[in-house]
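Have a look at the structure below, then the notes.
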Amino acid sequence: MSVQRRLNLGFIALFLLLMAFLVVQFGIGGRVDAEHERRAAEITAARLANLRVLQQMTDAETGLRGFQLTGDTAFLEPYESGRAGALAALDEVEAGVADDPARQVAAQERAVARTWFEEYAAPVVATGQAGEEEAHAVRGKQIFDELRLVNEAVDQSIAADQRAEHRAGTSATRRVTAASAGLLALIVLMGYAVVRTGRRQLLAPLDQLTGTIRRLAAGDRGARAEPVGSAELRTAVEALNDLAAQTDALLAEEHARVARAGLRQAVAAELQDLRDPPAAVHRIAELIGVALGAGTVHCVLTVPGTGAVRVAWPDGSAGLPAPVAGDLLTGGPGRVVMSGDDAIGVSFGGDADCDPGYLRVARPGTDGWAAAEQRLLTGVAEAIERVLRQLTLQYRQARLITELRMLDQRKDVFISTVTHELRTPLTSILGYTEMLTEDADEDLTPMQKRSLSAISRNAHRLHETIADLVLLDRPDVAGEGGSEPLDLGEVATTVHTELANAVRAKELTVSFDAAECWVMGDRIQLQRALRKLMENAIKFTPAGGSVRCVLTADAHTVTVAVTDTGIGIPAEDVPGLFTPFHRAGNAMDQAVQGPGLGLAIVRDIVSDHGGSIAVQSVVGRGSTFTLTLPAIAAPVPQQEPLAVG
């Protein structure tokens, strides 16, 4: 039987014994005491009632004698009350006695009392006899004397009954006390048995188990507990021993893993510092040879920007024969190749991102290579391959960055050259066109006037494009006016006035709402940005449409919203909208002219002022460009000093 079952049975027995003790002590004992007290009270009441019987009979006899002597009916009142009291007391006496002898004596007392009332008292009361006949009086005295004797006998019988009840109550109380004491002794014995079983089967083995756990926690990995005690505890001890063994194995494996990780990190660290690639590869071979207790290590790897590096450790070791190296390289990256019992190798790389290489470790006189050693060599090869791939990527990125920088420089030279070379002839074209238009206006035919107008219009557009290119290529040119507190509403009003002719030419409806909005910025730049936003809205809105410009401000920001009912912007074109030379597909489909530089310039100007720009657009319904700038407090006007006369 298991200790758990024995303890369970012991606790159940303890519970049952305790319940039995409570039932005997407080249930049965209480009822016995209550019954004894009730019976003792009844007997006492019966004895007192028997005394009242004699007293009431004496009162009745005294009243009757007074009536006989005086004839006064007032003496009959004590007689009647004594008669009623005696009969009631007799009822209490009979109710209080339990055994047959006492009942018989009590019945005899009632019979004597009844005889005295019927044979002696009743004739006296009924006939109104004032005198007393000698024979009748003697008879009455005899009956009353008999009543006293019977009353005494009843008292003795009740006293005997009282003594018997006391003895019975005492005996019952002793039996209940003895039963309670026996149950209490059983409870103590059962508790001792449970405690002894728990101590022998649980506490002692648990102490041993606790000590073993503490030894294990203190680092004693060889500590084991002896399987003793109950079956449950033996199972727990065996589980603890198994856990300790598994933990020991896991710790050994973890130590090996840490050693492998340390070796991989050391190899990777050597590869990161390639100021002297042959020396770094030689240190890698030395690290591997020391870690595996090898006799020789052959390592070949290709360092980006340097080429193939071949190393044999220790110094002076012979090179690896070509067939052996070929077997390693053809075995496939990451696959361990055994060369007899004393050599092991692994290759890596062999693709566009990592040139092929290998590691070969020889240990003469060995009985073979353990799985952990093979994993170590494979992990080192993986670390080398990973670092080489990163170095290859970094090398390519560096070359790409260099090429991009060269392209950027060439782009700057190209834009500078093109803008310079275009400005000189373009200035001549604009000058001669204006001279022809003004000086020979009357001599020109309508066709010539239209031609000159087209030349002037396209030359001005080309001039604006060149200015935009210069602005994008040389952002420092944009900061022409310096930073100052500006009322952006005033700047927007100026732009609105400048574009009035373009609005009228397309018959657009323009609504303009500009509150006082103060910002810190360059007036020329901000005016250029607002103009380009408004020009775009006008350019991409068909005739008869509407354009709305609203400026609002709060304590922190100033917001400019330009809304049009133009052609809109496709969703796929929105991400690149602020990129130079980017144009929406529907704008090109509808042949709307423009180089795609305006929004890029606006974005740069807004960014230079610490703001942002966003767009919401629906194709065919229009667009809303929202420009946000940091707000400043309105400057306090300076008062002119008063003239002192």
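Taken together, the values in this text are just the output of simple stated rules run on the coordinates, not laboratory data. Note that this is a predicted model, so its numbers are computed, not measured. Please note: Cβ atoms are built from the backbone with ideal geometry, for glycine as well, and neighbour counts cover all protein chains shown.
Of the peptides 182-188, 87-93, 484-490, the ranking by mean beta-carbon count within 10 Å, highest at the top, reads 87-93, 484-490, 182-188.
Computed on region 256-382, with alpha-carbon pairs under 8 angstrom and 6+ residues apart, the relative contact order is 23 percent. Remark on V336: its backbone amide H falls under 5 Å from none of the residues 5 or more positions apart or on other chains, H modelled at 1.01 Å from N.
Between L597 and F581, the built amide H atoms are under 5 Å apart, and every one of these is 5 or more places off in sequence or on another chain. Please give me, ordered by residue number, the trypsin sites (Lys or Arg not before Pro) of region 257-317 that lie in loop per DSSP and have at most 16 other Cβ atoms within 10 Å. The qualifying sites are R275.
Residues whose amide H falls under 5 Å from that of A514, counting only those 5 or more places apart or on a different chain, are L551, with hydrogens built in the peptide plane.
Along region 81-89 the Karplus relation, 6.51 cos²θ - 1.76 cosθ + 1.60 evaluated at θ = phi - 60°, assigns HN-Hα couplings of 5, x, 4, 5, x, 5, 5, 5, 5 Hz to successive residues, with x for each Gly and Pro.
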